[in-house]
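See structure below.
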Amino acid sequence: MADKKVLILYASAGHGHEKAARAVAEACRARGALHVDCQDLLKHASYGFGERYRGLYLFLIRTLPWLWGFAYYAADIPIIYSLLRPLRRLNNHFFVPGVEKLILDATADIIISSHFMGCEVASYLKKKNLLNAKLVTVVTDYLAHTFWIEQETDCYCVGSEETARDLERRGVPADRITVTGIPIESKFYTTPAREDIRKSMGLDAGLFTILLTSGGAGVVMLESFVDSLVIQEPPSQLLVVCGTNEKMRERLAAKHRDRVNVRLYGFVDNVHELMSAADLIVGKGGGLTITESLAMARPMLLIGAVPGQETRNVRIMVKKGVASHADSFLQLTGLIKKYRNDTVFYAKALHVIETTRRPHAAKTVLDVALGV
C-alpha cells in the first residue's frame with residue numbers, strides 16, 4: 001500500500017463534485033502511506049473552456065433552470081446520447097488536452113473521479129492502452145446519468161441501493177457497483193453537539209432553528225421562502241446561507257436587518273456547524289447537501305430543486321422517507337409547523353435517517369479503490 005499513487009479528479013462546476021473529491025482525499029491522507037493528488041479538471045482546460053463551462057452551468061441553474069433540465073433529460077435518452085457521444089469526445093480532446101497529460105504524467109495506480117468528465121477522459125486513455133490505472137467513479141447524485149457510464153470504469157461507488165439498481169438497468173454489471181454512500185468530509189460527523197454550537201454562535205438555545213441553504217450558487221427562490229417564514233408564528237430562528245449570490249444576501253439584509261431571529265451568511269466554510277445548530281434543514285436537492293444533512297442526522301425539507309439531477313435526488317429521498325418536499329409557500333409553512341410541533345413525526349424522521357445514513361462513505365470508497 002505504501003507505494004500506491006492515487007489521483008483524484010473533480011470539476012469545479014457546482015461545489016458537490018469538489019466536496020466529494022476532497023472528502024476522499026481527506027480519507028487517503030488519514031489512511032497514510034499513500035501518495036495523493038487531488039486536481040480540478042477545469043484548471044487544465046484550454047482556450048478559457050473552464051471559465052465558460054463553469055459560468056454557463058451557473059447561469060443556467062440560476063436563470064434558466066428549465067433549459068438545464070431539458071438538456072439534462074434529453075442527453076440521457078440513449079438515441080440522443082449516441083449522437084452526442086462523439087461530440088463529447090471531440091470536445092474533451094480539443095478543450096481539455098491538459099487533462100489527458102495530467103492523467104498520464106501522474107502515473108497513478110488508482111484514479112478516482114467524482115465528475116463524469118474525468119471518467120470519460122481516463123476511460124478513453126484506458127481504451128487506447130495508454131493507461132493501466134484502476135478507474136473508480138464516484139457518482140455524486142442518487143440517480144445516475146448516461147454521462148457517468150464508461151465501459152473502462154472498474155468500479156462505481158454510489159450513494160444508495162436505488163443508484164445501484166439504476167446503473168444495472170443501464171447495463172452496468174452488478175459486480176462493478178458498490179453502495180458506499182456519497183463521500184463527505186469528516187467534520188460532518190465529528191461536529192460538537194447542537195447545544196454547544198448554539199452557545200458558541202450566540203444563538204437562542206430555546207428557539208426552533210431552521211437552516212435555509214440553496215447551494216453554493218444561491219438560487220433566488222430562497223429569498224421568497226425567507227420572506228414567508230419570518231412572519232410565521234410562533235417565530236423560528238433562521239440561519240440563511242445565500243452562497244455566492246451576494247446581491248440576494250444584501251436584499252435580505254435590507255429587509256430583515258431588525259429581526260434578531262434572522263442570521264444571514266454568504267458563502268461559508270462552516271456549514272457543518274450551521275447544520276449542527278439547526279433542528280431542520282431546508283434546501284435544494286444537491287447530492288452532497290442531502291448526504292451532509294443525513295450524516296448530521298437532521299431532517300430535511302427540500303425546495304426549489306433544479307430540474308434534472310436535483311429533482312431525481314428529491315424523488316429518491318422522499319420515497320425513502322428521509323425528507324419532505326414542498327413546492328409552494330403553503331406546503332412549506334405547513335410542513336415546518338409539522339416538524340416543529342409534531343414530536344412523533346419528528347422522531348420518526350430521525351429514525352429513518354439513522355437507518356439510512358452512511359457518514360463514513362469516503363473511507364468505504366477508499367477501501368473499494370484499494371481492494372480492501
>> So, R0 is 22 Å and r is the distance between the beta-carbons of Asp269 and Leu207; what FRET efficiency does that work out to, to 0.05?
In response: 0.35
> If amide H atoms are built 1.01 Å from N in the plane of the peptide, which residues on other chains or at least 5 residues away come under 5 Å of the amide H of Gln237?
Replying inline: Phe208, Thr209, Ile210
> In degrees from 0 to 90, rounded to the nearest 10, what is the angle of the helix 116-127 Cα long axis to the longest principal axis of the chain?
Replying inline: 10
> Gly16: net charge of surrounding residues, Cβ under 13 Å, Lys/Arg +1, Asp/Glu -1, itself excluded?
Replying inline: -2
>> To check you understand DSSP bridge types, tell me what percent of the beta bridges within the range 41-196 (both residues inside) are antiparallel, rounded to 5.
In response: 0
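Tell me the mean residue ellipticity at 222 nm calculated for the chain from its helices only (DSSP H runs of n ≥ 4, each -39500 (n - 2.57), averaged over every residue, nearest 500).
Here the helix-only value at 222 nm equals -15000 deg cm²/dmol.
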> Using a probe of 1.4 angstrom, how much of the accessible area of the chain is carbon and sulfur, in percent?
Replying inline: 57
> To the nearest 20 debye, what is the magnitude of the charge dipole of the chain about its Cα centre, counting +1 on the Cβ of each Lys and Arg and -1 on the Cβ of each Asp and Glu?
Replying inline: 260
> Pairing the Cα long axis of helix 65-75 with the longest principal axis of the chain, what angle in degrees results, from 0 to 90 and rounded to the nearest 10?
Replying inline: 30
> If amide H atoms are built 1.01 Å from N in the plane of the peptide, which residues on other chains or at least 5 residues away come under 5 Å of the amide H of Ile184?
Replying inline: Ala361, Ala362
> Taking a probe of 1.4 Å, how large is the accessible area per residue of the range 41-173, in Å²?
Replying inline: 47
> Nearest 10 degrees, 0 to 90: what angle lies between the long axis of helix 97-106 and the longest principal axis of the chain (Cα atoms)?
Replying inline: 80
> Stretch Asp154-Arg169 to full length: gain in nm at 0.36 nm per residue minus the Cα-Cα span?
Replying inline: 3.7 nm
> Ranked highest first by average number of other Cβ atoms within 10 Å, how do 114-121, 139-146, 335-342, 36-43 line up?
Replying inline: 114-121, 139-146, 36-43, 335-342
> Given H placed on each backbone N at 1.01 Å, which residues far from Gly159 in sequence or on other chains put an amide H within less than 5 Å of it?
Replying inline: Gly181
> Alpha carbon centre of the range 143-198 versus the range 234-277: separation in Å?
Replying inline: 30
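The values are calculated or read from the model by the stated rules, or taken from the named source; none is laboratory data. Note that the structure is a prediction, hence the values are computed from the model and not measured. Cβ atoms come from the backbone with ideal geometry, glycine included; neighbour counts cover every protein chain shown. Note: areas computed on protein heavy atoms with side chains; ligands, DNA, RNA excluded. Shrake-Rupley method; radii C 1.70, N 1.55, O 1.52, S 1.80 Å.
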